[in-house]
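To keep things clear, I will list the structure first and then write my remarks on it.
Rule-based calculations on the coordinates, nothing more; no lab input. These numbers come from a predicted model, not from an experiment. Glycine gets a Cβ as well: all are built from the backbone with ideal geometry, and neighbour counts include every protein chain shown.
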Amino acid sequence: MWAFAMARKVIKPSANRRDAVSDGRGPGGRWRVRLLEGVIIILIGLNAYLVYSVATSSAISSSAERSDTAVIDPSAFQVQVEVLNGCGERGIGQLAMRFLRERGFDVVNIDNADHFGYRETVVLDRRGTDGPSQAARAVGNALGTPHVLLQRNEDRLVDVSVVIGKDYGELLFYEEND
């Protein structure tokens, strides 16, 4: 019978072997760690910039919202307005529509109000929550009426309704056409 001697080969890590010590280019090399750290630092910087820009822009807009006397650009709102004739004067809705459109408001409807007995012109905010919105106030300022009220109505397909009353002669659009 043959006797076979089995030799075991024991492999010990050696300091001069390529796979024993990483030289920075292997799977867990230092250059990959440094690259990952660099990407993380860039992402943190980008995040800080975005947070700063959002914080400063909201601070600017909140200070503008506090000012009731500031001139408001209607194009910033994308507000849809309807003009309702509440005084019975023929053609008054057309005059108001032209006036508001020249100032950048989107007038989408002209009609008669439920009656012609309105003494004062009223701007009704149909979408506001805690009182009349800046958009409704801007419409009131453009027309020259202080009567801006919140009257939510989801059935109306507009943001603001203007009911022209018998005081139309005092409004800015009527004075301009005299």
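Measuring from a point 7 Å past the Cα of K166 along Cα-to-C-beta, which residues in segment 85-118 have an amide N at less than 14 Å?
Answer for segment 85-118: 86-89, 115-118.
Return S53, S161 ranked ascending by Cβ neighbour count within 10 Å, so the fewest neighbours appear first.
By the 10 Å Cβ count, ascending, the order reads S53, S161.
Can you pull the percent of Cα pairs in segment 79-177 with separation above 23 Å?
Looking at segment 79-177, the distances longer than 23 Å represent 13 percent of pairs.
Based on the mean of other beta carbon atoms within 10 Å per residue, what is the order of 149-158, 115-124, 130-139, 31-40, most packed first?
On the way: 149-158: 12.5, 115-124: 17.5, 130-139: 19.5, 31-40: 10.7.
Going by the mean number of other Cβ atoms within 10 Å, highest first, we get 130-139, 115-124, 149-158, 31-40.
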